[in-house]
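Structure first, then comments.
No value in this document is a laboratory result; all are computed from the given coordinates. Note that this is a predicted model, so its numbers are computed, not measured. Neighbour counts are summed over all protein chains in view; Cβ atoms, including those assigned to glycine, are modelled from backbone coordinates with ideal geometry.
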Amino acid sequence: MGSRVAELFSEVDKLRAELLDNVELTRDCRRVEEEIKHRDILTRIENVVLGIVTSLSKDEAPVLALPNRSSWANVSFDSAVGLQMCSESSVTTIRSDCASSVTKFAQILKILMVIYKLVQSNSYSTKRDIYYNDTQLFGSQKTVDSIVDDISCTLKVPRRALHVLATSKGLISGDLCYLEEDGTRIDCRSSSAAVAVSSNIGGIRNIVSSAKFVLIVEKDATFQRLLDNDFCTKLSPCIIITGKGVPDVNSRLMVRKLWDTLLVPIFALVDADPHGIEIMCIYKYGSVSLSFEAHSLTVPSVMWLGLLPSDLQRLRVPEDALIPLTKRDENKLSSLLRRPYLTSQPAWQKEMEMMQQSKVKAEIQSLASIVPDFLTSIYLPNKLRYGGWV
């Protein structure tokens, strides 16, 4: 008996040694992969600089060619992906000998230099840090944000691969726990306070959740209302997230990460107005400016839970809670209806056409004019229970 136990322990020791070897091998493989990625990005930056040096050696003014990220002509629509940049897209030229673009030329080179050092040293920086590195040159944070995206698109690598992070504005709460890249454990299950969306979504691991669905909430005020009412535990284990209006990249990455990992339905709760619909479309189909990263940002399965224009009639929301569409609203609505992805969503089209005909819009808060707690006690529970989404 004793010899058998000894043999068993011996086998366990061998297995443990093999497992440790496999773990070390996996770590080594990942390290090599990272080194290859770093080398590839450094080479791409070096090629840009080489092009500039070559032009100078020929006594020619260097020119940078950036993909045009603002043109619908450069974007195609795929129902499985959303809006994605065409392989043969038009470019915008940034000349070093032109008064109108020489400053941007210098700004791009400065940020390329910063990125090169970050990748080379395997360290990270925020876009805000880059801006404060030379506020006089950049002039505004918005300039840095745009150029980082231009560089990401030009080099054809995700922004995180450039080792540039962005401070998140989004919040998340519900049945969710995970580890940050540095090992910090994040618990989103508090009913009284939300957690800031991570600024390093790619580094999140060990996601644990029993959520039945994820609810995207357009506005922070509505999100806080759901928190106050302990929505995530009262109705069903779920996760709620808000990008506080037009979502930042990290909020969009987080929704995509949850969709890929949990394989649960994703619903959107937005105002019944053109602006809210557009925000929902950004989560679902992406945006023109970031169409080059569509595969990691869009969630094609997003469903419109509310507030639907048809809800306003069905629930008889009081007229004094409705708001007339402005000319700007009407133009935005017409523009949305012309977008390529709406042809695959006839139910959405019908709702938007209903808004066009009624010429009114409404905020989610308008439901309080029926009963103060109508949103959390009646509207959302019934919608989710009986399938009131499109």
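Mean shadow of the range 36-165, computed from the convex hull of its alpha carbons, in nm²?
Working: hull surface 36.7 nm².
With the hull built on Cα positions only, its mean projection is 9.2 nm².
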**Report entry** Under 19 Å, Cα to Cα: Lys pairs in the range 36-165, sequence gap 8 or more or different chains
**Finding:** 11
Query - Descending Cα extents along the principal axes, the range 110-239, whole Å - result: 51, 30, 23
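Can you tell me what share of the DSSP beta bridges in the range 36-165 is antiparallel? A percent to the nearest 5 is fine. Could you put the intermediate results ahead of the total?
Details: 9 of 11 bridges.
Percent antiparallel among DSSP bridges in the range 36-165 is about 80.
Neighbour counts of other C-beta atoms within 10 Å: give me 327, 234, 244 arranged from fewest to most. Before the final figure, lay out each step's value.
Working: 327 7, 234 12, 244 17.
Going from least to most buried by this count: 327, 234, 244.
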**Report entry** Under 5 Å, built H, 5+ apart or other chain: amide partners of residue 361
**Finding:** 323, 325
Query - Distance from the range 193-257 to the range 85-131 (C-alpha centre basis), Å - result: 32
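As a check on your grasp of the helix formula, calculate [θ] at 222 nm for the chain: sum -39500 (n - 2.57) over DSSP H runs of n ≥ 4, divide by the residue count, round to the nearest 500. Show your work: numbers first, answer last.
Values: 14 runs with 182 residues, N = 390.
For the chain, the value works out to -15000 deg cm²/dmol.
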Requested in this report: Just grab the label-to-label distance for residue 141 and residue 359, each label 7 Å out from Cα along the Cβ direction, in nm (one decimal).
Outcome: 4.0
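Just for the chain, what percent of DSSP beta bridges are antiparallel, to the closest 5? Mind dumping the intermediate values first?
Values: 23 of 36 bridges.
The answer is about 65 percent antiparallel.
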Query raised in the report: In sequence order, what are the phi-derived ³J(HN,Hα) couplings for the range 77-86 according to the Karplus relation 6.51 cos²θ - 1.76 cosθ + 1.60 with θ = phi - 60°, rounded to whole Hz, with x for glycine and proline?
Result: 10, 10, 4, 8, 10, x, 7, 9, 5, 5
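Using the beta-carbon distance between residue 167 and residue 371 and R0 = 45 Å, what value does 1/(1 + (r/R0)^6) give for FRET efficiency, to the nearest 0.05?
Values: r = 38 Å, r/R0 = 0.85.
With R0 = 45 Å, the Cβ-Cβ based efficiency is 0.75.
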Query raised in the report: Can you run phi through the Karplus equation (6.51, -1.76, 1.60; θ = phi - 60°) for the range 245-252 and list ³J(HN,Hα) in whole Hz, with x for Gly and Pro?
Result: x, 4, x, 7, 4, 5, 5, 5
Report summary line: Share of Cα-Cα pairs in the range 252-390 beyond 23 Å, whole percent, is 37
Query raised in the report: Most fluctuating residue of 368, 211, 194 in a GNM of the chain with Cα springs under 10 Å: which is it?
Result: 368
Query raised in the report: Roughly what percent of Cα-Cα pairs across the chain reach past 29 Å?
Result: 53
Report summary line: Between the modelled labels at residue 205 and residue 81 (7 Å from Cα along Cα→Cβ) the distance in nm is 2.9
Requested in this report: Provide the per-residue ³J(HN,Hα) series for the range 127-138, in order, calculated from phi with Karplus coefficients 6.51, -1.76, 1.60 and θ = phi - 60°, each as a whole number of Hz, with x at glycine and proline positions.
Outcome: 4, 5, 4, 4, 4, 6, 5, 7, 4, 5, 6, 7
